[in-house]
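The values are calculated or read from the model by the stated rules, or taken from the named source; none is laboratory data. Being a predicted model, the structure only gives us computed values, none of them experimental. Because the Cβ atoms are built from the backbone with ideal geometry, glycine has one as well, and the counts that use them run over all protein chains shown.
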Amino acid sequence: MNEYLDCSKVYIEKCEFGFGVFAQQDMAIDDIIEKGIMMVLKNVDGNENPHLFTWSDDRKVWSAGSGCLPFYNYSDNPNMKKIGDLKNNTMTCVAIRDIKKGEQITNTYYSAKWRECFKELNMIKQN
């Protein structure tokens with residue numbers, strides 16, 4: 001396994017939201033699902049682009065993720081969490097419950113409440 005990048009336990013497939021990330025194998029709680037590299041971007045507005053990540057506490061720095069990182073869909077009942085390491089520009093996805101092979105892997109978006117690009121998502125959640 002590469003120290004910085006490993007997405008061997010997951011695959012991308014079309015789903016109701018466009019594309020999603022699915023488990024290549026069964027995983028247990030606290031298993032590392034994926035490790036990725038984050039690329040800090042300049043001159044972009046992540047408020048308009050849902051495939052970018054908030055990459056600072058002040059919400060002014062944006063990054064793009066390697067591997068499958070941009071394709072994890074939102075859920076109010078996620079089965080994983082993302083742990084960002086801002087200093088080393090890496091992201092680790094960890095199972096927060098057992099995940100079965102073939103199951104879609106989802107997470108809660110930290111910035112869903114305030115980013116313009118998630119406005120539609122918030123309207124769906126309210127209905």
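Here are the numbers for the structure shown:
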{"read-out": "Checking Ser8 against (1) in a strand (DSSP E or B); (2) surrounded by fewer than 17 Cβ atoms within 10 Å (Cβ to Cβ); (3) of a type in the set (Gly, Ala, Ser), the condition it does not meet", "value": "(1)"}
{"read-out": "Residue, nearest to the chain's Cα centre (by Cα), within segment 72-85, restricted to residues that are surrounded by fewer than 14 Cβ atoms within 10 Å (Cβ to Cβ) and either at pLDDT 95 or above or not acidic (Asp, Glu) (or both)", "value": "Ile83"}
{"read-out": "Positions within segment 94-112 being surrounded by fewer than 17 Cβ atoms within 10 Å (Cβ to Cβ) and modelled with pLDDT under 95, in sequence order", "value": "Thr108, Tyr110, Ser111, Ala112"}
{"read-out": "Answer from Pro50, Pro78 - the residue that is in contact (Cβ under 8 Å) with a residue 24 or more places away in the chain and out of contact with any strand residue (DSSP E or B) (no Cβ under 7 Å at 6 or more places or on another chain)", "value": "Pro50"}
